[in-house]
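Written below as structure tokens is the structure these notes are about.
No lab work stands behind these numbers, since they all come straight from the coordinates. If you're wondering where the values come from, they're calculated on a predicted model, not measured in any experiment. Cβ coordinates were reconstructed from backbone atoms using ideal geometry, including for glycine residues, and neighbour counts include every protein chain displayed.
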Amino acid sequence: MKPNSSQIMKQYTLKWPDDFEDYAWQIESKGWFVGLEIIIDGKTLKPIFYDPARLSQDILEEISSAGFFVESFLIVIQQVTRETIERAIADLARTGGLERLV
């Protein structure tokens, strides 16, 4: 039997940088963001968010210079905004995806 979303949903807390709103527009234009903390099951996760275009650029640059690319807790979203970040995290919590990050 497949669990329903109420059985999967994990409780979590988002801790945004205090001054996030001051530079949110820069994050969207740069296409990446690190600084959000997700607190779940007593653990603090610090994911990095990329949009596809910026991720592609960074991967190519790293492979060119280092020969490889690696990034822990990577979440790729269409656009790096507070709204899309919160939606992605809520969807991950609802579907059990946050479990893979803990």
(request) Can you give me the P(r) profile for the chain? Cα pairs, bins 10 angstrom wide beginning at 0, each as a whole percent. (result) 14, 42, 31, 11, 2
(request) Evaluate the relative contact order of the chain (contact order divided by residue number), counting alpha-carbon pairs under 8 angstrom at least 6 apart; express in whole percent. (result) 31
(request) Using only Cα atoms, tell me the angle between helix 82-95 and the longest principal axis of the chain; keep it within 0 to 90° and round to the nearest 10. (result) 40
(message) Run lengths n ≥ 4 of DSSP H only: what is the helix-derived mean residue ellipticity at 222 nm for the chain, with -39500 (n - 2.57) per run over all residues, to the nearest 500?
(response) -13000 deg cm²/dmol
(request) Enumerate the aspartates and glutamates that residue 30 could reach by cross-link, defined here as Cα to Cα under 20 Å, with residues fewer than 8 away along the same chain left out. (result) 18, 19, 21, 22, 51, 58, 61, 62, 71, 83, 86
(message) Between residue 100 and residue 76, what is the label-point separation in nm under the 7 Å Cα-to-beta-carbon projection?
(response) 1.2
(message) How much length would be gained if the chain were fully extended between residue 65 and residue 20, taking 0.36 nm per residue of separation minus their Cα-Cα distance, in nm to one decimal?
(response) 13.1 nm
(request) Run through the DSSP bridge list for the chain and note the antiparallel percent, rounded to the nearest 5. (result) 75
